[in-house]
Amino acid sequence: MSRQRSGVLQYLRGQSGPVTATALAQVCALHVNTVREHLDALVEDGLAARERSAPAGRGRPAWRYRARPPQESPAREYAGLAAVLAARIARTSADPRTDALAAGEDWGRVLTTGQEPSADPQEARRRLLDLLGEIGFAPEADAEARRVRLPRCPFVETAREHPGVVCGVHEGLARAALAALSANPQETELLPFAQPGACRLHLDTGTTAGERPHPGTGEPGEAS
C-alpha cells in the first residue's frame with residue numbers, strides 16, 4: 001500500500017462515523033478524485049466499507065465511507081469457516097433450510113447494524129444491492145432494482161457441496177438486510193440457479209407462488 005493511501009486510511013479511521021469522499025478530501029488536504037480512488041481501492045481490499053447517504057433532495061445520494069475495524073475481513077477470508085458451518089448444518093439439522101435462513105437473517109442484521117431505514121423502497125433496495133456487491137455477489141439489477149441477477153458467489157466452493165444450505169443463508173441475509181434498510185415491508189425471494197451461471201433475486205415483486213419461475217437445475221458454480 002502506498003504511503004498516501006495508508007494516510008487516507010488512517011484519516012478514515014479517525015472519523016467518528018461514515019464520511020463522504022469530499023469531506024475526507026478536506027481533512028486529508030488532497031483532491032477529491034484522488035481520495036475517491038484511494039477509497040475505492042480500500043473498499044476492494046476489504047479495509048473500508050461504503051454505503052449510500054440518506055436521500056436529500058434531487059439526485060442520487062453520495063457514497064459514505066467508513067474504515068473496517070481490524071477484526072473485520074473480506075468475505076473470502078471466511079470461506080473455510082463457511083464450509084465448516086454449512087457442512088454441520090447439513091449433517092446435524094433436522095431442518096437445514098430453516099436453520100440456514102435463520103443464520104442468514106442473523107448475518108443480515110449484523111451487517112446493517114446502525115443503518116437508518118429508508119422511506120423510499122427503491123432506495124432501500126439499492127442499498128441492499130450495494131451491500132451484496134460489497135460482499136462479492138456483483139449484482140446486476142433492472143432500473144427499479146426489483147429483479148436482480150447474481151452472477152458471482154463469495155462462497156462458491158461451499159455452494160457446490162451444500163447448495164441448499166448456502167443459498168438459504170444468502171436468502172435469509174437478503175431478507176433481513178432489506179427489512180432493516182427499508183421503512184416499508186418488502187418481499188424477498190432468491191431463486192437458486194435460475195439460469196446458467198447465476199441466481200435470481202426478486203425484491204418486492206408482488207408475484208404469487210403460482211407466478212414464480214422455477215429454479216434452474218444447473219450445477220452450482222459461479223452463483224449461489
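Before moving on, here are some points about what is shown:
Residues are listed down the side, and each one gets a yes or a no for (1) assigned to a strand (DSSP E or B); (2) modelled with pLDDT of 90 or more:
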| residue | (1), (2) |
| --- | --- |
| 145 | no, yes |
| 153 | no, no |
| 175 | no, yes |
| 193 | yes, no |
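- When the range 6-39 is limited to residues that are within 26 Å of residue 120 (Cα to Cα) and of a type outside the set (Val, Ile, Thr), the one that is surrounded by the fewest Cβ atoms within 10 Å (Cβ to Cβ) turns out to be 17.
- Flag for residue 208 being of a type in the set (Val, Ile, Thr), modelled with pLDDT under 75 and out of contact with any Ser or Thr (no Cβ under 8 Å at 6 or more places or on another chain): yes
- Of all residues in the range 23-47 being β-branched (Val, Ile, Thr) and more than 24 Å from the chain's Cα centre (by Cα), the one that is modelled with the lowest pLDDT: 27
- Any chance residue 202 is modelled with pLDDT of 90 or more, surrounded by fewer than 22 Cβ atoms within 10 Å (Cβ to Cβ) and under 27 Å from residue 117 (Cβ atoms): yes
- Subset of the range 109-129 [at pLDDT 90 or above and either assigned to a helix (DSSP H, G or I) or in contact with a His (Cβ under 6 Å, 6 or more places away or on another chain) (or both)]: 109, 121, 122, 123, 124, 125, 126, 127, 128, 129
- Only one of 126, 146, 152 that is surrounded by 16 or more Cβ atoms within 10 Å (Cβ to Cβ) and either in contact with a Phe, Trp or Tyr (Cβ under 7 Å, 6 or more places away or on another chain) or outside the structural domain of residue 182 (by TED's automatic domain parsing) (or both): 152
- Residue selected from the range 7-22 under the condition assigned to a loop (DSSP other than H, G, I, E, B) and within 21 Å of the chain's Cα centre (by Cα), by the criterion farthest from residue 66 (Cα to Cα): 20
- Of all residues making up the range 40-53, the number that are surrounded by 15 or more Cβ atoms within 10 Å (Cβ to Cβ) and in a loop (DSSP other than H, G, I, E, B): 2
- You will find that of 143, 102, the residue that is more than 12 Å from the chain's Cα centre (by Cα) and either among the β-branched types (Val, Ile, Thr) or more than 16 Å from residue 200 (Cα to Cα) (or both) is 102 and no other.
Yes/no per residue for (1) over 26 Å from residue 17 (Cα atoms); (2) hydrophobic (A, V, I, L, M, F, W, C):
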| site | (1), (2) |
| --- | --- |
| 107 | no, yes |
| 114 | no, no |
| 118 | no, no |
| 148 | yes, yes |
| 151 | yes, no |
| 154 | yes, no |
| 157 | yes, no |
| 161 | yes, no |
| 164 | yes, no |
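The values are calculated or read from the model by the stated rules, or taken from the named source; none is laboratory data. What you see is a predicted model; the values in this text were computed from it and never measured. Here the Cβ is made from the backbone with ideal geometry for all residues, glycine too, and neighbour counts use every protein chain on show.
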